Structure formats: C-alpha cells, structure tokens
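Novice: Here's a structure for you.
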Amino acid sequence: MHAAHEGTSEPVSLARRAVRGSLWAAIGAYGTFVVNFAGIAVLARYVSPADFGSYALAQSYNEIVLAIGLFPFAQAVVQLGNLRAIGDTALIMGVILRLAQLLLSVPLAFVVARYNGRTVGILFFLFALLAILDGLRSNMSAVMERNLHYRGMSIAKVAAGVAGSSLAVGAAILGFGSYALVFREALVVALVLAVYLVNARRWNLPTGRSFDRATACHVWRFSKALFWVNSLERILARLDRVALGNLLGVEALGYFHQSKYLATLPQAAMAPANMQVAIATYTKVRDDPPRLARAFDVVQYFVLRVVPLAGLAMVLFPEEILRTMYGARWLPAAPTFRILGIYATLLPILEGYRTFSVALEQWAALRWSIIAQAVVLVAALAVLVPRYGAIGAAWATCIRPVVGFAILGRAVSRRIHPATHGRVPPVLGAFAAALGGGWALQQLVTAHGGTRMLLLKLGVASFLYVLGLLIIERKGIFERVSYLRRAWR
C-alpha cells in the first residue's frame, strides 16, 4: 500500500473506500451487537437454560449435518466479481442447494427427535427452513460487500435486529421458550431480505433473473475448493456443544452455550473490518505484495491490541457480567465463562489469518489448519468433558485457536514478511498490568454494586490496559492511526 502515500488515485481511492466501508460495516456490526446484547439479556430472563440448551443442540445438529451443503457461492461473488451475471447465477445455485438440504432435513428431524426429544427435532427442522431465506440474503449481501457498499446493508441489519428482538421478547413472555429464540433469528433474516428485495433495482442486487453456465462452472470450481474449509470449520465450531448436550444434558449445554455466545461477541463486533472489508481489500491487492502487506499489517495490528479488552473483562469479572447480562440464575456459568475469556481473545486473531488465507486461496493451509484443530478438539473433549464437564469443554475450546494459528501463521508468513503486528510482548505486558490492577480493584470492592460498579471496574481495567499500550509502544499506534486518517481523507 505504499502507493497510497505517493498520491496515485486508485490506491488512495481503494484505501478510502476500504476505511469508509469499515466504518459503515462497524456501525452495522456494533449496532447489531448492541441490539443482540440487549435482546439476549431480556430473553435470558424469560427463557430457561434448558430451553437455551435445546436451541443450541438443534442448531448444532443442523450446522453439522447440513454442512454438506456449505458451498460458498456468496463468497465467490466477492472474489470472482468480474464474471458475467455472477450475482444471479450464484443466487440460483444457492437456492437449489438449500432446497435439497430442506428435503434431507425432513427424515433427519425425526431421527433427532427420537434421540434428543420432540422439541429439538422441531427446532432442527425450523433451522433448515431458515437456511433458505438466509441463503438468499447472503448472496445479495455479497454483491454489496464486493463493492464495499456497507451503508444500506448496515442500516437494514440494525433495523431488522431491533424489530426481530422486540417481537421475540414478546414471544418469550408469552411462554414460547426456545421457539422464541428461533423466531428472533427468522425475523431478522426475513426483514433484511425484504429490504434487499425492495431495493434490489436501486442497489443493483441479484434477483435470479439470469443464469450463465460458464460463470456457474467458475463458481462451482471456486466453491469446491472452499467447501471443505467451510464445512469442517462449521462442524468444528459446534462439536463442543454436541458433546455437552449428549453427555451432560441440555441445561448444562444452555449455560455453556450462552457463555460461548458472549465469548464470540468480540469476533462478531470486529468481523466487518477483520473479515468482510478485509477480504474484499486483500482480494483487490493480492498481486501487489507491498500493499497487501500494508493492509494486513494495519488490520491485524489493531485486532491484536483491541481484543484483549474482552478477554480481560471476562477473566476479571465473570460473575458481575453474567448477573448484569442474564440475571442471577446464570451464575453457575461463571467458571466456564472466565476460561472462555482466552477464547474470546484468540478467536478474532485467528480469524484475521483465516481471512487472509481465504483471500489468497491458500486452501491447503486452511484445510490442514481445520483438520489439526478438529483432531485436537475431539481428543481434548473426549478427555476433559467426562471428567470436568463444561469447564473441560471450555479448556478444549480454548486450545483449538492456538493450533489453527500455528499453521495459518506460517502460511501467511510465506506470502508477506511478518510485520510489527506480530509483536506480542507489548500486548502481554499491557494485559498483565491491567489484570493486576483489575484483580486489586476486585479485592477492594468485593460486594456486588450493580451495573454502575461493573462499568466502573471495566473502565478502570480498560484504562490500565490502554495506558500500558501507550507507554510501551506509543509510536507504533500513532503511526497506524495517522495512516488511517490519511486514507480517510
């Protein structure tokens, strides 16, 4: 990206579009984050841990069993955007695939119901129905992502989240239990899809009116390469929940599921810049090593320094966060939640390397990374869950990103030289200082002081962490902030 400093118009334009796209994507992500955060907080007061467990088990079965259909046609739209009628072609291919999945889910739902109960079976089938709408939405979203047009998409997501969460809370109050959780997801997807359909002509979105066979062949070849990565990754993300649901029951799974949900929120909040905008940007500069290295350095530098804030909060104040977020009946999840603070920190960092590898189509490294993670996770679950329950599952979950990072980190280093974002000691130093200060504060203020006291504690711990970073590496932070400001202008 050195050309951006030299005043050439195209690099500057791309940098500006990427930064602005990141801003709008972040607005959408953080807006959705706040809405989901508030919605789940209210739902947790009306939906029991057992109902959350049934929901999590059905969703896990759905994503594992139907992983055979995870051909990333939408991703092909982002990375093969110059092909003729690619949006419409990918949309049609996706609908056909989702319909086939729905037919397969009918007999499978009866099998799930037999072994895990009627509610889990019905939820499993409802998730299969929802997948059709989600497939349509994702293909339309891909066109907007490819062009770095996030404004309309972000507004639609936030508005749909507010409406969906509000109606789901009403359903939960009326006693719909786990069905209210599925109802919430279905409404969000349906409302966003409705906005896309209404604005399809204005935003030049695909509607399935044309189909190009040559383009379909290109999409299919690309999707086959990424299929194994997506499928194995989806299975990997749900193995711990399936193990807990069958070994310890849906109530224990409910506690674990909601703890892991909170642990994945940092990744969800950072996904726009760390995944969506990043992959589109890497794809555009993949043949320009200096600009590629600069883009990756900027993204990963900030990811590596922001995500420890989430892990810090989870490690220091798990009981206060769960009580404030879900209510006192969720406090049994605190030990698991504290351990998953490690996962909350590692997952976004690993995702940055995964995004880079996808953009550069490093399929072999991605496959080996996921296979290695799966082997380690299965072994760890088999050893730890029977002995330590949900806490064992949490430790097994934390081990997985470390294995993935070891493999993908080497793959990335073969394409670009490791940059200063990879310097972990400054981050560890700032984290240790904040951890010590937060622990001391926790000893001084032992009584539960409600939301205000939690915010005060989080503010103090965050201030200590940021202060530590500024003291240790002030120059590096200011250089990258200055670069982003130049790109924005």
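Novice: Does segment 188-202 include one or more residues that are of a type in the set (D, E, K, R), surrounded by fewer than 16 Cβ atoms within 10 Å (Cβ to Cβ) and part of a loop (DSSP other than H, G, I, E, B)? Lay out the reasoning, then the answer.
Specialist: Residues of segment 188-202 of a type in the set (D, E, K, R): 201-202.
Going one step further and asking which of them are surrounded by fewer than 16 Cβ atoms within 10 Å (Cβ to Cβ), we end up with 201-202.
Of the ones still in play, those that are also part of a loop (DSSP other than H, G, I, E, B) are 201-202.
Yes, some residue in segment 188-202 is of a type in the set (D, E, K, R), surrounded by fewer than 16 Cβ atoms within 10 Å (Cβ to Cβ) and part of a loop (DSSP other than H, G, I, E, B).
Novice: What are the residue pairs meeting all of these: first residue in segment 216-228, first residue under 15 Å from Ala142 (Cβ atoms), second residue at pLDDT 80 or above and among the hydroxyl-bearing types (Ser, Thr, Tyr), Cβ atoms under 7 Å, and 6 or more apart or on different chains?
Specialist: The qualifying pairs are Val219/Thr89.
Novice: Here is a follow-up. Say whether the condition of being of a type in the set (Phe, Trp, Tyr), modelled with pLDDT of 85 or more and assigned to a helix (DSSP H, G or I) is met by at least one residue in segment 170-177.
Specialist: First, pick out the residues of segment 170-177 that are of a type in the set (Phe, Trp, Tyr): 176.
Pick out the ones that are also modelled with pLDDT of 85 or more and you get 176.
Still in the running and assigned to a helix (DSSP H, G or I): none.
The answer is no, given that none of the residues of segment 170-177 is of a type in the set (Phe, Trp, Tyr), modelled with pLDDT of 85 or more and assigned to a helix (DSSP H, G or I).
Novice: Right, another one. Which number in (1) more than 22 Å from Pro401 (Cα to Cα); (2) touching a Gly at 6+ places or on another chain (Cβ under 8 Å) marks the one condition that Leu292 misses?
Specialist: Every condition holds for Leu292 apart from (2).
Novice: Which condition does Tyr261 not pass, out of (1) surrounded by fewer than 24 Cβ atoms within 10 Å (Cβ to Cβ); (2) over 20 Å from Leu347 (Cα atoms), if it passes all the others?
Specialist: Condition (2) is where Tyr261 drops out.
Novice: Would you mind listing the helices (runs of 4 or more DSSP H) fully within segment 301-369 where at least 1 residues are closer than 19 Å to Arg423 by Cβ and within 15 Å of the chain's Cα centre (by Cα)?
Specialist: On the way: elements: 308-316, 318-325, 334-359.
Here the list reads 334-359.
Novice: Does Val242 satisfy the condition of being within 22 Å of Leu346 (Cβ to Cβ), among the β-branched types (Val, Ile, Thr) and in a helix (DSSP H, G or I)? Please lay out each step first, then the result.
Specialist: Values: within 22 Å of Leu346 (Cβ to Cβ): yes; among the β-branched types (Val, Ile, Thr): yes; in a helix (DSSP H, G or I): yes.
Yes, satisfied.
Novice: A further question follows. Considering only residues that are out of contact with any Phe, Trp or Tyr (no Cβ under 9 Å at 6 or more places or on another chain) and in contact (Cβ under 8 Å) with a residue 60 or more places away in the chain, which ones fall in segment 167-191?
Specialist: The answer is Arg184, Ala186.
Novice: When Ile86 is evaluated against the numbered criteria (1) at pLDDT 80 or above; (2) over 26 Å from Asn199 (Cβ atoms), which criterion, by number, is the only one it fails?
Specialist: Just one mismatch for Ile86, condition (2).
Novice: Is it fair to say Tyr301 is aromatic (Phe, Trp, Tyr) and in contact with a helix residue (DSSP H, G or I) (Cβ under 6 Å, 6 or more places away or on another chain)? Spell out the reasoning first.
Specialist: Values: aromatic (Phe, Trp, Tyr): yes; in contact with a helix residue (DSSP H, G or I) (Cβ under 6 Å, 6 or more places away or on another chain): yes.
When the stated conditions are applied, Tyr301 passes them.
Novice: Can you tell me how many residues within segment 203-241 are farther than 30 Å from Val376 by Cα, of a type in the set (S, T, N, Q) and buried (at least 17 other Cβ atoms within 10 Å of the Cβ)?
Specialist: 1
Novice: Here's something else I'd like to know. Has segment 208-218 got any residue that is closer than 15 Å to Gln75 by Cα, assigned to a helix (DSSP H, G or I) and either of a type in the set (S, T, N, Q) or modelled with pLDDT under 85 (or both)? Quick ask: steps written out before the conclusion?
Specialist: Taking segment 208-218 first, the residues closer than 15 Å to Gln75 by Cα are 215-218.
Retained after the next criterion (residues that are assigned to a helix (DSSP H, G or I)): 215-218.
Cutting the leftovers down to either of a type in the set (S, T, N, Q) or modelled with pLDDT under 85 (or both) gives us 215.
Yes, segment 208-218 contains a residue that is closer than 15 Å to Gln75 by Cα, assigned to a helix (DSSP H, G or I) and either of a type in the set (S, T, N, Q) or modelled with pLDDT under 85 (or both).
Novice: Next question. Write out, first by first residue and then by second, each pair whose Cβ atoms fall under 6 Å of each other, whose residues are 6+ apart or on separate chains, and whose first residue, in segment 70-90, is buried (at least 22 other Cβ atoms within 10 Å of the Cβ) while the second is of a type in the set (Phe, Trp, Tyr).
Specialist: Ala76/Phe222; Thr89/Phe211; Ala90/Phe73
Novice: Among the residues of segment 145-162, is any within 16 Å of Gln59 (Cβ to Cβ), at pLDDT 85 or above, in a helix (DSSP H, G or I) and not basic (Lys, Arg)?
Specialist: The initial filter retains those residues of segment 145-162 that are within 16 Å of Gln59 (Cβ to Cβ), namely none.
Within segment 145-162, not a single residue is within 16 Å of Gln59 (Cβ to Cβ), at pLDDT 85 or above, in a helix (DSSP H, G or I) and not basic (Lys, Arg).
Conditions (1) among the polar types (S, T, N, Q); (2) part of a helix (DSSP H, G or I); (3) closer than 18 Å to Ser231 by Cβ, marked per residue:
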position: Val375; (1), (2), (3): no, yes, yes
position: Val378; (1), (2), (3): no, yes, yes
position: Pro386; (1), (2), (3): no, yes, no
position: Ala393; (1), (2), (3): no, yes, no
position: Thr397; (1), (2), (3): yes, yes, no
position: Phe405; (1), (2), (3): no, yes, no
position: Ala411; (1), (2), (3): no, yes, no
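Novice: To continue, here is another question. Answer yes or no: is there a residue in segment 29-49 that is under 20 Å from Ala280 (Cβ atoms) and modelled with pLDDT of 80 or more. Steps first, please.
Specialist: Filtering segment 29-49 down to residues under 20 Å from Ala280 (Cβ atoms) leaves 29-30, 32.
Going one step further and asking which of them are modelled with pLDDT of 80 or more, we end up with none.
No, that holds for no residue.
A quick yes/no check of all residues on (1) among the hydroxyl-bearing types (Ser, Thr, Tyr); (2) within 20 Å of Ser48 (Cα to Cα):
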residue	(1), (2)
Thr207	yes, no
Ser231	yes, no
Ile235	no, no
Leu253	no, yes
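Novice: Only one of Gly311, Gly327 is over 23 Å from Ser462 (Cα atoms) and out of contact with any His (no Cβ under 8 Å at 6 or more places or on another chain). Can you tell me which? Spell out the reasoning first.
Specialist: Working: Gly311 fails: over 23 Å from Ser462 (Cα atoms).
Checking each option against the conditions leaves just Gly327.
Novice: Condition check: modelled with pLDDT of 85 or more and either farther than 30 Å from Trp203 by Cβ or of a type outside the set (A, V, I, L, M) (or both). Does Ala100 satisfy that? Spell out the reasoning first.
Specialist: On the way: modelled with pLDDT of 85 or more: yes; either farther than 30 Å from Trp203 by Cβ or of a type outside the set (A, V, I, L, M) (or both): no.
Spelling it out, it is not the case that Ala100 is modelled with pLDDT of 85 or more and either farther than 30 Å from Trp203 by Cβ or of a type outside the set (A, V, I, L, M) (or both).
The values are calculated or read from the model by the stated rules, or taken from the named source; none is laboratory data. Bear in mind the structure is a predicted one, so any value in this text is a computation, not a measurement. Counting neighbours? That spans all protein chains shown, and the Cβs are built from the backbone with ideal geometry, glycine included.
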